[in-house]
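The values are calculated or read from the model by the stated rules, or taken from the named source; none is laboratory data. All of these numbers come straight from a predicted model, not from anything done at the bench. Here the Cβ is made from the backbone with ideal geometry for all residues, glycine too, and neighbour counts use every protein chain on show.
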Amino acid sequence: MKKIMIVEPSPIVQEGLKRIIEDTPEFSVEWSFYDTNRLKEHCLSHNPDIVIFNPSLIGQSARNSIRHTFEIDDTTPLVAIVYSFFDNEILSQFDTEIGINDNNTRIINKLQTLKNDTSSKTKTESETLSDRENEILVAIAQGLTNKEIAEKYYISIHTVISHRKNIVKKTGIKTVSGLTVYALLNNLISYDDIE
Amino acid sequence: MHKNTIISVDMKMADIIHIDLYNLFIINRFGIHLGFGDKTIEEVCKNENVDPRLFVTVCNINNSTKSIDKTDIHTEHILQLVNFLKNSHDYYRKIRLPEVKRSIFNLSKFYDANTEKALGHFFDEYIREFKNHIEYEENTVFPYIKGLCDGVRNDDFSINKFEDHHDNIEEKLGDLKNIIIKYMSKPEHDLHKLDLLDKLFQLQDDLNRHTMIEDLLLTPMVSKLETL
């Protein structure tokens, strides 16, 4: 079952959408919020399968990087719920749009196609770590804590956590000692660095 | 016969090994010796002082067509189950872990010193955690159960605490598999990789079943004892 997060300021729209989605057993709306307060924390801790988001909630500073601002994973589909005008710059960051005039079948269809798209996306997705991820991997292998890594690279702890999640997802390796072996195999560190 | 055949006390002991090789390990860990001819499970178990009902419940634990029901949770032979689990631990310590370690050694000696040390170190750490885990069971959980059977209460411990105690041992094993499958890229050593993976999968399969027996049989049995 796909777990959905809805971020929509209007109670009528939010409730309506919830009812429509939950008519289908394959989806369940697990979290719903009226604003973006603490949305980043929610996304990080809950890891939803789909995020449905009203673009009117995006502030000026976040308009270019919705995913980045709210720490929504690249593999998590992002759906816009649209009932006013937004320019393309914003809408292009979403994987699909739900319109206020869409009927039940259309909404569910959109969510279902989304699901298929992402499963094929994860298969072909590149598994190489980015430079930043490699740096963080080395820091993890050296035994640094999240806090120490955040301080070393001048980033927030949340960003460190989200990098760690991506590293685990891309490599398929979950434990620190496993990641250390990975770093050694790829010559990112030598054994002396971790002694 | 099919893997999902439900095993019952009137079947021939010899036949169940052909259904699923794992049953051979179960027979061994209950302390039953091979050479039972055409005797049924019930006959063999009675000769060896093993409760036949407990024996078939353990054999069927991994069977998707038969779920454990309340009548399977009887506590009078719980110490036989504890003994079974102890024997499994011995097998891990004496056979499974050393053989994985040997396979790692055979593979990693073809790699540079860094990799060799890293893999060795990784598995040593795994062995240490693993041994801690089973020693905790043997030194804390099992004596507690023995105490319950003798009517001794220990209010500092309850089996619910044991359930919380499962840690990241499984994750480490999964990591090692992924490292071998995905990141060790010297094709000329494929046979050594195959050998190591084969051992790792066997170990993991064995551990999964072991955990199932603990979670689905031992834990509910102990809970039942606690309420007596």
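Among all positions in the range B:172-179, there is at least one residue which is assigned to a helix (DSSP H, G or I), in contact with a Phe, Trp or Tyr (Cβ under 7 Å, 6 or more places away or on another chain), within 14 Å of chain A (Cβ to nearest Cβ) and farther than 22 Å from B:HIS210 by Cα.
Output the residue which, of all residues in the range B:180-203 that are within 14 Å of chain A (Cβ to nearest Cβ), in contact (Cβ under 8 Å) with a residue 12 or more places away in the chain and not basic (Lys, Arg), is surrounded by the most Cβ atoms within 10 Å (Cβ to Cβ). Within the range B:180-203, the match that is surrounded by the most Cβ atoms within 10 Å (Cβ to Cβ) is B:LEU196.
Restricting the range B:198-218 to residues that are polar (S, T, N, Q) and at pLDDT 90 or above leaves a set whose member that is nearest to B:VAL152 (Cα to Cα) is B:GLN204.
What about B:PHE142, is it buried (at least 16 other Cβ atoms within 10 Å of the Cβ) and under 21 Å from B:ASN87 (Cβ atoms)? Here the answer is yes, as B:PHE142 does meet what is asked. Summed over the range B:118-148, residues that are within 14 Å of chain A (Cβ to nearest Cβ) and not aliphatic (A, V, I, L, M) total 10. Exactly one residue among A:PHE53, A:PHE70 is touching a strand residue (DSSP E or B) at 6+ places or on another chain (Cβ under 9 Å) and touching a residue at least 40 places away in the same chain (Cβ under 8 Å), and that residue is A:PHE53. Among the residues of the range A:147-165, those identified as polar (S, T, N, Q) and surrounded by 18 or more Cβ atoms within 10 Å (Cβ to Cβ) are A:THR159, A:SER162.
Quick one: in the range B:1-37, which of the residues that are surrounded by fewer than 14 Cβ atoms within 10 Å (Cβ to Cβ) and under 19 Å from the mean Cα position of the chain (by Cα) is farthest from B:ASN87 (Cα to Cα)? By that ranking, first place goes to B:LYS3. Among the conditions (1) under 23 Å from the mean Cα position of the chain (by Cα); (2) more than 19 Å from B:GLN204 (Cβ to Cβ); (3) free of Cβ contacts under 8 Å to residues at least 12 places away in the same chain, the only one that B:GLU138 does not satisfy is (3). A single entry from B:PHE162, B:PHE157 fulfils the requirement of being away from every other protein chain (no Cβ under 14 Å) and not in a helix (DSSP H, G or I): B:PHE157. Of the helices (runs of 4 or more DSSP H) lying entirely inside the range A:126-195, those containing at least 1 residues that are at pLDDT 90 or above and more than 22 Å from the chain's Cα centre (by Cα) span A:131-141, A:146-153, A:176-185. In the range B:1-42, of all residues being part of a helix (DSSP H, G or I) and either out of contact with any helix residue (DSSP H, G or I) (no Cβ under 8 Å at 6 or more places or on another chain) or among the aromatic types (Phe, Trp, Tyr) (or both), the one that is farthest from B:HIS74 (Cα to Cα) corresponds to B:HIS18. Checked against the criterion of being out of contact with any Cys (no Cβ under 6 Å at 6 or more places or on another chain) and in contact (Cβ under 8 Å) with a residue 60 or more places away in the chain, the candidates A:LYS174, A:LYS170, A:LYS147, A:LYS165 yield just one match: A:LYS165. Scanning the range A:140-195 for residues that are among the aromatic types (Phe, Trp, Tyr) and at the interface with another protein chain (Cβ under 10 Å from one of its Cβ atoms) yields A:TYR182, A:TYR191.
Could we say that B:LEU107 is within 13 Å of chain A (Cβ to nearest Cβ), assigned to a helix (DSSP H, G or I) and either over 20 Å from B:LEU216 (Cβ atoms) or modelled with pLDDT of 90 or more (or both) here? The answer is yes for B:LEU107. Scanning the range A:5-59 for residues that are in contact with a Pro (Cβ under 6 Å, 6 or more places away or on another chain), part of a strand (DSSP E or B) and either among the β-branched types (Val, Ile, Thr) or exposed (fewer than 15 other Cβ atoms within 10 Å of the Cβ) (or both) returns a single hit, A:ILE50.
For (1) on the phi > 0 side of the Ramachandran plot; (2) hydroxyl-bearing (Ser, Thr, Tyr); (3) in a helix (DSSP H, G or I); (4) exposed (fewer than 14 other Cβ atoms within 10 Å of the Cβ), each residue gets a yes or a no:
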| site | (1), (2), (3), (4) |
| --- | --- |
| B:VAL56 | no, no, yes, no |
| B:ASN63 | no, no, no, no |
| B:ILE68 | no, no, no, no |
| B:LEU85 | no, no, yes, no |
| B:SER88 | no, yes, yes, no |
| B:ARG93 | no, no, yes, no |
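Of the residues B:LYS109, B:LYS101, B:LYS86, which is out of contact with any strand residue (DSSP E or B) (no Cβ under 6 Å at 6 or more places or on another chain), farther than 22 Å from B:MET184 by Cβ and not aromatic (Phe, Trp, Tyr)? That would be B:LYS86, the only listed residue that is out of contact with any strand residue (DSSP E or B) (no Cβ under 6 Å at 6 or more places or on another chain), farther than 22 Å from B:MET184 by Cβ and not aromatic (Phe, Trp, Tyr).
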